[in-house]
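Please treat every number below as a calculation from the coordinates, not as lab data. Since this is a predicted model, take the numbers as computed values, not measurements. So basically every Cβ, Gly included, is an ideal-geometry build from the backbone, and we count neighbours across all protein chains shown.
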Amino acid sequence: MRVLFLAAEAAPLVKIGGLADVAGELPRALRARGLEVRLVLPWHAALSTQGLSPRRVAEVVVPYRHGGIPAQVHAAEMAGLPVWLISGEPIGSSPSVYGDPARDSLKYAFFCLAALRAAESLAEIPDLVHGNDWHSAAAILAVARARRADGPWQDSAALLTIHNLPYMGVGGGEALEDFGLTATTDERLPDWARLVPLAQALVEADWLTTVSPTYAREIQSPEHGAGLEGVLAARADHLTGILNGLDLDRWDPARDKALYQRFNATDLAKRKRNKSGLLADLGLDSRGDLPLLAMVTRLDQQKGVDLALDALQWMPRQDWQFVLLGKGEPELEERALAFASAHSERVRSILRYDDRLARGLYGGADALLVPSSYEPCGLVQMIGMRYGCIPIARATGGLRDTVREAPSASGGTGFLFDGYAPEDLRSAIDRALTAYQEPERWQGLQVAAMSQDFSWDRSAEAYLQTYEKAVGVARGVR
C-alpha cells in the first residue's frame, strides 16, 4: 500500500506541538510493516534541513482564482523515511509555522494541492492520503472530489486524523474556494461550519481517526464535540480511536544521557541519584525524602495549570515539593511565578522549554501532574511512566486510556480523578502521597508503569487495519 502522509510539522525537522512527534515517528513504524509511506511537509522557514540534502525533483502549478501559483517539490530522506518538502510563495512568505489565520489558510491549502500535483507529476499516486488536522483539509476534499471523475485519483482513499478538534481552521473557507474547493453542501454540517476546513473534511473523508479511543467517544458529545458532535456521531461507524505511541529509543531511561544516573525497572535504586541531583541543582532541600511532584507542560487553560496550583495551595500541611516546567500564556506564567515565590522553600517554577531538564524531571521526580481539562492523547504521561514517574492524571481522553488507577501494590500505574475541581485533584494527590509512604507499594507502581507497552508497533498495526478499511470504502467495498 502506498501512502502519502501530509502534516504541518514533523520532528525533528520542525516541531511546535505533539503533531510533530506523531508525524516524525508513525510513518517510520508504518514502513516497518511494509507500507510505502512518504511524508510530505511544507518547507517552513523554521524547518531544519540538517542531514537531509534535499534535491528538487519537480515543479508544479497549483490552480488559483487569480492565476496559477508555482510550487517546488524537493525530495529527501529522514533516517530512511522518504520526504517531500513543498516550497512556493505562500509558504515562503509566511514567517512562522502557525500564526495569522488568513495566511495559514492560504499556505496550507496551497501546500496540500501542491502535494497532490506532485504525486501526479512524479507518477506516485497513492492508495491513501493521510491528512492530519485542519491543515490537511484541502487534500482530503480534493481527493474525495477527484475520485468522482475519471482520472488518476479514482481508487485513492482519504483519511483524516483529528489531533485536537477545537482547532478547525475557522476563517479558512475563503482560501479553499480560491483554490476551487467550494463549500460542502452536506446537510449534516451546521450552517456555521460549512466553510470551516476541518468540518468539511470530517464529512468528506473516507475514514476518520483520533489519537485515543476515549477521545473518539468524547468528541461525539456536546462537552468535547466543539459544535460538531452531531456530525461525528453520524460518522461513528467510520471513526476509529488509535492511541499514539512513543519512540522507545528516544525515551529510554537506561540510555538517556540527560540523566544524572541511567537506570531500568530492575535497578530502581539507581533512580534516587537523579532525584538528589535534581533537587541540588534546583536549590531544593534534599535532606529528607519528601515526595517530589512535577509538571512538564505548555502553560494554557487546557493543561490544568490553574487547577494544579489551586490544589497545591490548599495542601500546605502535607510534605511535598513541586517543580513546574513550561512556557505559555502570560497570565499563567505570572501566577506560576507568584506561587513559587510564596512557597520558595518547596516550589520552583521554571518558565522555558528545556528538554534536558524535562528529562531530568521524568527520571527524578516521584509523580507527574497531568490535570488536563481534556487531552486527545497526551505523551507526557507515557514518558513519565517509562521513566518511573507516576502520573496523577484526569480521567479524560488518552489519559484514561493509558493510566490505570492504583488501588493496591499489585495493580495500577498511576492515580486518576474524574471531576475538574481542585478538590478532585487534591484527593488524587493525597492517594499518591499515601502510597509513597509505602516503599514496596510505590516501587510496584513504578515497575508496572515502566513495563507498559507504548511502542508505535501496536499503533502502526491499528493504522494498517484502518487504512485497509478506508481503501475498501473508497473503492466501494463494504
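So what's the projected area for the chain, the Cα convex hull averaged over all directions, in nm²?
Result: a mean projected hull area of 22.2 nm².
If R0 is 25 Å, what FRET efficiency do you get for Q318 and D249 from their C-beta distance, rounded to 0.05?
Efficiency for this residue pair is about 0.10.
Could you put W456, W251 in order, starting from the residue whose Cβ has the fewest other Cβ atoms within 10 Å?
Least crowded to most crowded, the residues run W251, W456.
How much net charge surrounds H163 when only other residues with a Cβ under 12 Å from its Cβ are counted (Lys, Arg +1; Asp, Glu -1)?
-4
Which whole-Hz couplings ³J(HN,Hα) result when phi for each residue of the stretch 59-75 is put into the Karplus expression 6.51 cos²θ - 1.76 cosθ + 1.60, θ = phi - 60°, listed in order with x for Gly and Pro?
10, 10, 10, 9, x, 8, 4, 9, x, x, 10, x, 10, 9, 10, 10, 9
Name the long-range amide H neighbours of E375: under 5 Å, sequence gap of 5 or more, or other chain; modelled H, no Pro or chain starts.
Result for E375 returns G397, G398.
For the stretch 192-208, in order, what is each residue's ³J(HN,Hα) by Karplus, 6.51 cos²θ - 1.76 cosθ + 1.60 with θ = phi - 60°, in whole Hz (x at glycine and Pro)?
Ordered by residue, 3J(HN,Hα) equals 5, 9, 5, 10, 8, x, 4, 4, 4, 5, 4, 8, 9, 5, 5, 8, 10 Hz.
For S455, enumerate residues with amide H under 5 Å from its amide H, sequence gap 5+ or separate chain, H modeled in the peptide plane.
Correct list: L246.
So, with +1 on the Cβ of K and R and -1 on the Cβ of D and E, and no other charges, what is the size of the charge dipole of the stretch 14-106 about its Cα centre, to the nearest 20 debye?
Once rounded to the nearest 20, the dipole reads 180 debye.
When the helix-only estimate is applied to the chain (DSSP H runs of n ≥ 4, each -39,500 (n - 2.57), divided by the residue count), what is the mean residue ellipticity at 222 nm, nearest 500 deg cm²/dmol?
The helix contribution divided over the chain gives -11000 deg cm²/dmol.
Over all directions, average the projected area of the Cα convex hull of the stretch 268-453 and note it in nm².
9.3
What does the net charge come to around H66 if you take all other residues with beta carbon closer than 14 Å to its beta carbon, with K and R at +1 and D and E at -1?
Within the 14 Å Cβ shell, the charges total -3.
Quickly work out the D150-to-E89 label distance, labels modelled 7 Å from Cα along the C-beta direction, and quote it in nm with one decimal.
3.6
Along the stretch 33-47, what does the Karplus equation 6.51 cos²θ - 1.76 cosθ + 1.60 (θ = phi - 60°) give for ³J(HN,Hα), rounded to whole Hz, x for Gly and Pro?
9, x, 7, 9, 9, 10, 8, 10, 10, x, 7, 5, 4, 8, 6
Amide H to amide H, which residues 5 or more places from L299 or on other chains are under 5 Å from it, using H placed in the peptide plane?
Those qualifying (amide H under 5 Å, at least 5 residues apart or on another chain) are K327, G328, E329.
Could you state the per residue volume, in Å³, of the convex hull enclosing the Cα atoms of the stretch 55-155?
121
Enumerate the lysines that K257 could reach by cross-link, defined here as Cα to Cα under 18 Å, with residues fewer than 8 away along the same chain left out.
Cross-link targets: K270, K272, K275.
Write down the percent of antiparallel bridges among all DSSP beta bridges whose residues are both part of the chain, to the nearest 5.
Roughly 25 percent of the DSSP beta bridges within the chain come out antiparallel.
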